[in-house]
Structures are given as structure tokens and as C-alpha cells.
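**Q** Take this structure first; my questions come after.
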Amino acid sequence: MQPTAWHAHERASLVHALTQAGPDAPTLCDGWQTRHLAAHMILREHQPWTQAGANGGPLHDWSDARLQDLAATALAPGGYAALLARIEQAPASWSPWSWAGNLVNLVEYFVHTEDVRRGTWVAGPGGSGVAGARSRDLSPGLQDALWSQLRRGARLFYRRSPVGVVLVVPGGPRLAVKAPPTRPTDDGRLPGTVIVTGEVGELVLHAFGRGLHAGLTLQGDAADRAALDDVVPGPRSGE
């Protein structure tokens, strides 16, 4: 039996969120409006060579110029709709994203959908934004698929954590991602473990640096929570 193509489900979710937000809405991606995020998704799938400098390095300016040029087309009449239509299209058969399926596409589309939804939520009047934008009601199948991808990549996502990390879904699975170091810190303190608790989608957002805008609780020594927050931001105290 073929696995459910949840990545296609989240592709549609992203297109819907971008349509609702319009081309000028803020996102959780620093410096990007919705049209920039749309351009990123198109270049990622249809012109992957333009991503050579997306994460920095000597080709960063070149990659950013390609993104800015494509994003600017959204400002012309019908331009934004044309970008969204391209996102709806499956990538060409020669693209690595055409056969990667849930493995590399599911989390990408899920996280960017939330970048749009929660970016709008944060920017709304009084910080309230669009009603219900804090979280979605995810189907059990989608939650299972996201948890599978989170388990697969958790050690990589939390590799820079200076403390132990355990992820917990209330009433569901838990994952010991990283054991605490056995050597004391410079101030002589032995690091402990932070337990990050939340629904699967919220844990995914934390792992991808969006924890500030996720519904989570963190348990552990205050110094350990602060140390984790330095490399993987979590919710503000009281949120």
C-alpha cells in the first residue's frame, strides 16, 4: 500500500493560506512577505539550482536576487494568482522533489503554511490577527505522518542543543532526542533535560525554530530552558 500523500494535502493548505492572506501579508520568515514565500516554494521545486545560496555563502546575493525578482511579479495585475497557480503544479519529473514525497515535502509545506497563518495572526490588531490562526485541527493521519518525520530528523534539528531534550505529545508518544551532557558548564553546573510538550504540529514548529509562535510547555531547570531557547526558540514565559 502506498503511503498517503500528505505533502499534497499540505501543498493545498499552503495555497489556501496564501490566497487568504494576499501578496503583502507578513510571515514568520524574517523579512519575507507572502509573495516572497510563494516565490521560494516555486524556485525550490521548479528551479532548484537557484537555491544554491539560500542558506548563506558566496551565492547568497545571487539566490536572493532570483527570489526578489520572482516575488516582484506578484505586484503586477494577476501576478500573485499566477504564482499560486505554479505552486499548485507538481514539479517536473526530473526535479528531486517530484519523487521525494512526504520525506522532504510534508514538513516543508506544513511549516510554511503555518508561517503564513501565524504571521498574519501575530500582525493582527492587538496581536490577535485572524481568528483560530494559532493552530489547526489536524487529522490523526496527518499527525502520524508529521510525527514520523519529526522522529526521523529530531537529532539533526536539536543537534546544537546544549541540554537534553525530550519531546512529548500529551496522551501520545514521547521521544528522547538528546541526552544531557555529562560535562559541567563553565560555571560548574551540570546541564539537565528540557521536556517540550505539545501537539505534534506544535512540536514540529518548535524543531524548526518557530517555537515562539507555537502552543507548547517547557519543563526543566530555568537555566536549561534558557540554554535551549538560545538555539531553539520557545514560547515566551506565560504564553
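The values are calculated or read from the model by the stated rules, or taken from the named source; none is laboratory data. Computed from a predicted structure; not experimentally measured. Cβ coordinates were reconstructed from backbone atoms using ideal geometry, including for glycine residues, and neighbour counts include every protein chain displayed. Keep in mind that these areas ignore ligands, DNA and RNA; they rest on the heavy atoms of the full protein, side chains included. Shrake-Rupley method; radii C 1.70, N 1.55, O 1.52, S 1.80 Å.
**Q** Can you pull out the trypsin sites (Lys or Arg not before Pro) in the stretch 1-101 that DSSP calls coil and that have at most 14 other Cβ atoms within 10 Å? It would help to have the intermediate numbers written out before the result.
**A** On the way: sites: R11, R35, R44, R66, R86; in loops: none.
Within the stretch 1-101, no trypsin sites (Lys or Arg not before Pro) qualify (loop, at most 14 other Cβ atoms within 10 Å).
**Q** Something else: Ignoring ligands, DNA and RNA, how do S63, S93, S135 rank by accessible area with a 1.4 Å probe, largest first?
**A** S93, S135, S63
**Q** For the chain, what proportion of DSSP beta bridges, expressed in % and rounded to the nearest 5, is antiparallel? Don't skip to the answer; put the middle values down first.
**A** Numbers: 8 of 13 bridges.
Counting only bridges with both partners in the chain, antiparallel ones make up about 60 percent.
**Q** Need one number: % antiparallel among DSSP beta bridges in the stretch 151-199, to the nearest 5.
**A** Here the antiparallel bridges make up roughly 45 percent for the stretch 151-199.
**Q** Between A12 and A176, what's the calculated FRET efficiency when r is the beta-carbon distance and R0 is 41 Å? Round to 0.05.
**A** Rounded to the nearest 0.05, the efficiency is 0.75.
**Q** Mind checking the per residue accessible area of the chain for me, 1.4 Å probe, whole number of Å²?
**A** Spelled out: the 1.4 Å probe surface of the chain, per residue, equals 51 Å².
**Q** Between the DSSP loop rule and a limit of at most 14 other Cβ atoms within 10 Å, which trypsin sites (Lys or Arg not before Pro) in the stretch 198-239 are left?
**A** R236
**Q** When the Cα centres of the stretch 30-59 and the stretch 192-239 are compared, how far apart do they sit, in Å?
**A** 27 Å
**Q** Report, in degrees rounded to the nearest 10, the 0 to 90 angle that the Cα long axis of helix 60-72 makes with the longest principal axis of the chain.
**A** Tilt of helix 60-72: around 50 degrees.
**Q** Ok, one more. Extension gain S98-A65, at 0.36 nm per residue separation less the Cα-Cα distance, in nm?
**A** Answer, rounded to one decimal: 9.4 nm.
**Q** Now, a different point. Defining a contact as two alpha carbons under 8 Å apart and six or more residues distant in sequence, what relative contact order in percent does the chain show?
**A** For the chain, the relative contact order is 16 percent.
**Q** How much length is gained on full extension from Q89 to T19, taking 0.36 nm per residue of separation minus their Cα-Cα distance?
**A** Length gained, Q89 through T19: 23.7 nm.
**Q** Would you compute, from DSSP H runs of 4+ residues alone, the mean residue ellipticity of the chain at 222 nm, taking -39500 (n - 2.57) per run and dividing by the full residue count, rounded to the nearest 500?
**A** About -15000 deg cm²/dmol.
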